[in-house]
Amino acid sequence: MNKKDLPFEIILEDENYIFINKNSGILTIPDRYNRNLPNLMSILSYYRQNIFVVHRLDKDTSGVMMFAKNEISHKLANTSFEEQLVERKYHVLVRGQFPMDEIEIDIPLLMNMADKGRVIPSARGKHSLTKVKILEKFRYATLLECELVTGRQHQIRVHLSTIGYPLLVDNLYSDNKEFYLSMIKRNYNSNKEIEEKPILNRLSMHSFSLKYNDEITGKEIFVTANYPKDFETTLKLLRKYSKFI
């Protein structure tokens, strides 16, 4: 695979860790049922002899990911994640005008055994905490910064959906599977002979930043990931046609 065709961009790399900006649409690890599907673990292992998975992102989530390059750095990173010492912030677009500038969502989450792949809020679930604040508000949507204090599966998606503000695009926890310009542009005239293409047709969530205290070097590592084209385009169109007044 040509480097320009790789589904990620290297943000920072040293002898212990590699930080990448992941494209949407690529798995983190090999699929359980089809190990031939493209995944970051296999691709990175091709270019780097030793690669250890530290954490995961959903297939359709873009942004910052961290991998370890040896057993010692892997163990230290895992401990930091388990002890909630790694700061991870996501930028997400939700449907509607979010009402609070800042809020902490503390709702236990549980795997839904009746519908595998989904997560539900439940008093029997694991402690789950997300810190949320508004970055930008539009008539149709809101751009939020969500800090994962805990890191449960689908945590941000389920937390926001539970309080009534599902992601703008989410095939599991939202009615919107795609985002179209016609949703926000008044008197939108689409050529009836040409089917309108979605502006965003994947999860409206981007892993924006990660802060990690490297015990090996004693230095703080802070990395950010630029928005991908589809996410940036969606924001530009919201600013133009759905400006909050």
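The values are calculated or read from the model by the stated rules, or taken from the named source; none is laboratory data. Computed from a predicted structure; not experimentally measured. Using ideal geometry, Cβ is built from the backbone for each residue, glycine included, and neighbour counts are taken over all protein chains shown.
Overview of results
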quantity	calculated
All positions within the stretch 45-89 that are in a helix (DSSP H, G or I) and either in contact (Cβ under 8 Å) with a residue 60 or more places away in the chain or under 21 Å from Val149 (Cα atoms) (or both)	Ile72, Ser73, His74, Lys75, Leu76, Ala77, Asn78, Thr79, Ser80, Phe81, Glu82
Residue among Asp5, Asp31, Asp14 that alone is at pLDDT 90 or above and of a type outside the set (A, V, I, L, M)	Asp14
Where a residue in the stretch 187-199 is within 22 Å of Lys236 (Cα to Cα) and its partner, wherever it lies, is at pLDDT below 80, with Cβ under 6 Å and at least six apart	Glu196/Ser190
Considering residues of the stretch 105-118 that are surrounded by 14 or more Cβ atoms within 10 Å (Cβ to Cβ) and at pLDDT 95 or above only, the residue nearest to Leu238 (Cα to Cα)	Ile105
Complete set of residues in the stretch 114-155 that are without any contact (Cβ under 8 Å) to a residue 12 or more places away in the chain and acidic (Asp, Glu)	Asp115
Where Leu135 falls short, out of the listed (1) crowded, with 21+ Cβ neighbours inside 10 Å; (2) farther than 19 Å from Lys59 by Cα; (3) not hydroxyl-bearing (Ser, Thr, Tyr)	(1)
Residue satisfying all of: in the stretch 5-38; part of a loop (DSSP other than H, G, I, E, B) and in contact with a Pro (Cβ under 9 Å, 6 or more places away or on another chain); farthest from Arg56 (Cα to Cα) among these	Asn36
Any hit, the stretch 80-87, residues being surrounded by 22 or more Cβ atoms within 10 Å (Cβ to Cβ) and modelled with pLDDT of 95 or more	no
Filter result for Val158 (in contact (Cβ under 8 Å) with a residue 40 or more places away in the chain and closer than 24 Å to Leu210 by Cα)	yes
Matching residues in the stretch 90-117 - criterion: being touching a Lys or Arg at 6+ places or on another chain (Cβ under 9 Å), part of a loop (DSSP other than H, G, I, E, B) and acidic (Asp, Glu)	Asp101
